[in-house]
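What follows is a set of notes on a single structure, which appears directly below.
The values are calculated or read from the model by the stated rules, or taken from the named source; none is laboratory data. Note that this is a predicted model, so its numbers are computed, not measured. Cβ coordinates were reconstructed from backbone atoms using ideal geometry, including for glycine residues, and neighbour counts include every protein chain displayed.
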Amino acid sequence: MIRFKPSRTTVAAVVAVVLILAAGGAAVASNMGFKMNKAFYPPNAAKPGAGDNWTSIPFNRPYSTFADVCTQLALPNVSTSIFQVNPETGATRLCSCGTAACGTLKLDLTDRPVAELPGGVAAPYLGIRIRNNTFVAGTSSAIIVGSHSPSLQLLLRRIPSATCGDVTAGASSNIGATWFSVPYHTTAVTAQDLCVQSGVPAGPSATVARVDPINGTAASPAVTCNTSAASTLNLVLGEAVRIRRTSAGVCTPLSSIPAHF
């Protein structure tokens, strides 16, 4: 059983192991496994966004539902919330660990109609936000395990566009906002690397954002692809980031296979 860990002493060691494996020949295997001690931080009323622990979940994982995440990571019941965004509809999904609702929500959105799935297919690349007022900075963490799927495509939906037949008036800003579970052995170091690997066209046609779980959103504003700011925003291992196209471009989703070691 995967258990909640009240210590971060092994974080550096685990990260080092992941990186060492990623640099070796074993990293090209489709069934390469990962085990990481993911740190969690508590909310801070003075820093909006602090405590929003956006988390990358491996593409192949022992977590099917939100309840599985709660159970396998041994997250405290009721006080822990799990949150996810559907980039196709902009709808958000939220439940509290220990409640029946968490058992009905699928991480890959396959509990939704096909029309609500990005590109009409399951979306196992979506990240989740884990939040709990009882987390203690520097001590709260949990072990996350899984493996990579080298053929799995990342699909970036267009933003609402009248040209593409969308209703734009009052459309949710979450439509097209993909909280992407960046692979644990990604070759992308910066947001710009991710822009290039995701097939984002030249010019300011998409943004990438991360939420700093310690200092909040003010400490980590969104950056625009193909700008110097995107090249200076470093990705954080184990953290999901938001990618959102800012121009409709083609009406079909941008499709890419995330690069990895």
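Values for this structure:
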quantity	calculated
Some residue of the range 159-174 being among the aliphatic types (A, V, I, L, M) and under 21 Å from I57 (Cα atoms)	no
The range 175-219, subset in a loop (DSSP other than H, G, I, E, B), touching a Ser or Thr at 6+ places or on another chain (Cβ under 7 Å) and of a type in the set (S, T, N, Q), residue surrounded by the fewest Cβ atoms within 10 Å (Cβ to Cβ)	S205
Unmet requirement for G49, which otherwise passes all of (1) assigned to a loop (DSSP other than H, G, I, E, B); (2) over 27 Å from S172 (Cα atoms)	(2)
Condition check for V69: modelled with pLDDT under 85 and either assigned to a helix (DSSP H, G or I) or over 16 Å from the mean Cα position of the chain (by Cα) (or both)	no
Of all residues in the range 151-174 being over 30 Å from N37 (Cα atoms) and not in a loop (DSSP other than H, G, I, E, B), the one that is nearest to the chain's Cα centre (by Cα)	C164
Restricting the range 107-126 to residues that are among the aliphatic types (A, V, I, L, M) and within 19 Å of the chain's Cα centre (by Cα), the residue that is surrounded by the most Cβ atoms within 10 Å (Cβ to Cβ)	A123
Any chance R129 is surrounded by fewer than 21 Cβ atoms within 10 Å (Cβ to Cβ), touching a residue at least 60 places away in the same chain (Cβ under 8 Å) and at negative phi	yes
Whichever residue in the range 132-174 is aliphatic (A, V, I, L, M) and over 30 Å from A248 (Cβ atoms) and, among such residues, is surrounded by the fewest Cβ atoms within 10 Å (Cβ to Cβ)	V136
Number of positions in the range 138-149 that are closer than 21 Å to V241 by Cβ and either free of Cβ contacts under 8 Å to residues at least 40 places away in the same chain or among the small types (G, A, S) (or both)	5
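Here's the yes/no breakdown for (1) surrounded by 22 or more Cβ atoms within 10 Å (Cβ to Cβ); (2) in contact (Cβ under 8 Å) with a residue 40 or more places away in the chain:
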| residue | (1), (2) |
| --- | --- |
| S56 | yes, yes |
| F66 | yes, yes |
| T71 | no, no |
| A74 | no, yes |
| V78 | no, no |
| A91 | no, yes |
| S96 | no, no |
